[in-house]
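Inspection log for the structure reproduced underneath, given as structure tokens.
Each reported figure results from applying straightforward, stated rules to the coordinates on display, with no laboratory input. The shown structure was predicted, so the numbers you read here are calculated from the model rather than taken from an experiment. Backbone-built Cβ (ideal geometry, glycine too); neighbour counts: all protein chains shown.
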């Protein structure tokens, strides 16, 4: 497999110190809060797959997103990465690959794991989320698990870098009023919250690469 230049760069860059919250912050609801588990608070580790895709039919790298089932207890109907709770003995990479296969049907052997982004604590679901970055070359053959996923779709990196595709709106989260930044990536559903923060850190690394090119 011949890797695109950014994927080659990213494979190395993810082994180095990451931007962390400074990279996530542009998509964080304001006023800001802590995105690491508070001391003494129970939480569970989860892993998600931030899957980068190179398709022959597209001129730009894409990111694979899902729309979560409206029947789920938490984050129902929202845009997210494939992922879920880590099982005993699993690494974050193993959990992200397993969940991606279970939720959208892409076998683990089709995905090249590149590394991990900064983890992010989500108090609504008491989850400490570990984003794994993967790469897939070729047309993906996805199969949404109807119990967890309503839709699989792809968004070009250039679309996310265009400020015209961004906005913000007031919301009430955990009993407080906040301003939520979001991307317009879907006809009816905004990309916001934890997933948007993870995407923003990934885009920060992409922007670093573009400045080097």
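A few comments on the model shown:
- Remark: 127, 69 ranked as 69, 127, counting other beta-carbon atoms within 10 Å and listing the fewest first.
- For a label point 7 Å along the Cα-to-beta-carbon line of residue 161, residues of the range 91-135 with backbone N under 11 Å: none
- Cut-off 13 Å, label 7 Å out along Cα→Cβ of residue 186, residues of the range 132-149 by amide N: 148-149
- Relative to the current alpha-carbon distance between residue 59 and residue 151, full extension at 0.36 nm per residue lengthens the span by 30.8 nm.
- Global form of the range 71-153, assessed from the alpha-carbon gyration tensor, a/c cut-off 1.5: oblate
- Using the Cβ-Cβ distance between residue 70 and residue 124 with R0 set to 25 Å, the FRET efficiency works out to roughly 0.95.
- Cα-based shape type of the range 141-213, given that a ≥ b ≥ c are square roots of the gyration tensor eigenvalues and the cut on a/c is 1.5: oblate
- Computed [θ] at 222 nm, helices only, for the chain once each DSSP H run of length n ≥ 4 contributes -39500 (n - 2.57): -7000 deg cm²/dmol
- Within the range 1-144, antiparallel bridges make up roughly 60 percent of the DSSP beta bridges whose residues both belong there.
- Look at 133, 155 and count the other Cβ atoms within 10 Å of each Cβ; fewest to most, that gives 155, 133.
- Cα centroid of the range 1-47 to Cα centroid of the range 54-125, whole Å: 14 Å
- Potential extension, residue 12-residue 34 segment - 0.36 nm per residue separation minus Cα distance: 5.1 nm
- When 141, 110 are sorted by how many other C-beta atoms sit within 10 angstrom of their C-beta, beginning with the fewest, the order is 141, 110.
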